[in-house]
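Novice: My questions will all concern the structure given below.
Every number here is computed from the coordinates shown, using simple stated rules; none is lab data. Everything quoted here is computed from the prediction, not taken from an experiment. Positions of Cβ are generated from backbone atoms using ideal geometry, with glycine treated the same way; all protein chains shown enter the neighbour counts.
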Amino acid sequence: MTLLIASDHAGLELKEALKIRASDLGVTFIDLGTHSKDSVDYPDYAHDLARELLKPGASASLGILICGSGVGVSIAANRHPEIRAVLAESPEIARLGREHNHANVLCLGARFLTPEQAMEVIRAFLTATPDSGERHVRRVQKLGEQQK
């Protein structure tokens, strides 16, 4: 399985630790940056990942975004109508995000998760499958609707 991954400078260390453990997850990461600890703006990386994920014929259908808290990248990614980004600090939230909300981007807070904890959250996200029950499908469709 191929996943997109990106972070800002605050998430760089966790991103690099996860890339080392990629084989434990059975994944290959396509790293969209950042590649240094120089200060960068997290929305740039969230938007890059979202656009890449939504490209026709994209090589990945899921992505991981990391910043200090996970909040900023989550907000930025969710600005894209077909992105459903979930901020998860526990395996249960990651699993429910995939199952109930059909999340396609997992957001992690580097200041709140060790690499080991992040691996468990990612594993739960990747092993969960979107629930195709009518109530979940109906709700996910409403997420893409413009509100007045």
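Novice: To make sure I understand, if each residue's beta carbon is the centre and we count other beta carbons within 10 Å, what order do E16, E116 fall in, fewest to most? Kindly include the intermediate steps, with their values, before the conclusion.
Specialist: Values: E16 13, E116 9.
Fewest to most other Cβ atoms nearby, the residues stand as E116, E16.
Novice: Enumerate the residues in the range 73-108 having an amide nitrogen under 17 Å from the point lying 7 Å beyond the Cα of R135 toward its Cβ.
Specialist: 96-102
Novice: In whole Hz, with x marking every Gly and Pro, tabulate ³J(HN,Hα) for the range 133-141 from phi via Karplus 6.51 cos²θ - 1.76 cosθ + 1.60, θ = phi - 60°.
Specialist: x, 3, 5, 6, 4, 4, 5, 5, 4
Novice: Collect residues whose amide H, placed 1.01 Å from N in the peptide plane, falls under 5 Å from the amide H of I30; neighbours closer than 5 in sequence don't count.
Specialist: Excluding prolines and chain starts, which carry no amide H, the hits are L3, L4, I5.
Novice: Which aspartates and glutamates have a Cα less than 12 Å from the Cα of K19, not counting those fewer than 8 places away in the same chain?
Specialist: D31
Novice: Quick one: order L54, L62, L87 by neighbouring beta-carbon count within 10 Å, fewest to most.
Specialist: Working: L54 13, L62 19, L87 24.
Ascending Cβ contact count within 10 Å gives the list L54, L62, L87.
Novice: Hey, what number do you get for the chain at 222 nm if only DSSP H runs of n ≥ 4 count, each worth -39500 (n - 2.57), divided across all residues, to the nearest 500? Display every interim value, and only then the final one.
Specialist: Working: 7 runs with 67 residues, N = 148.
So the calculated ellipticity at 222 nm is -13000 deg cm²/dmol.
Novice: Applying the Karplus parametrisation 6.51 cos²θ - 1.76 cosθ + 1.60 with θ = phi - 60° to the phi angles of the range 78-90, what ³J(HN,Hα) value in whole Hz is obtained for each residue in order, glycine and proline being reported as x?
Specialist: Karplus values, whole Hz, x for Gly and Pro: 6, 6, 8, x, 9, 9, 10, 9, 10, 8, 10, 10, 9.
Novice: I need the phi-derived Karplus couplings for the range 61-72: 6.51 cos²θ - 1.76 cosθ + 1.60, θ = phi - 60°, integer Hz, Gly and Pro marked x.
Specialist: Here the 3J(HN,Hα) series is 10, 9, x, 10, 10, 9, 9, x, 9, x, 5, x Hz.
Novice: Trypsin sites (Lys or Arg not before Pro), restricted to the range 95-139: which are DSSP loop and have at most 16 other Cβ atoms within 10 Å?
Specialist: Details: sites: R95, R98, R111, R123, R135, R138, R139; in loops: R111.
Taking the range 95-139 and a limit of 16 other Cβ atoms within 10 Å, the loop trypsin sites (Lys or Arg not before Pro) found are R111.
Novice: Any lysines with Cα under 26 Å of the K142 Cα? List them, leaving off those in the same chain fewer than 8 positions away.
Specialist: Partners within reach: K55.
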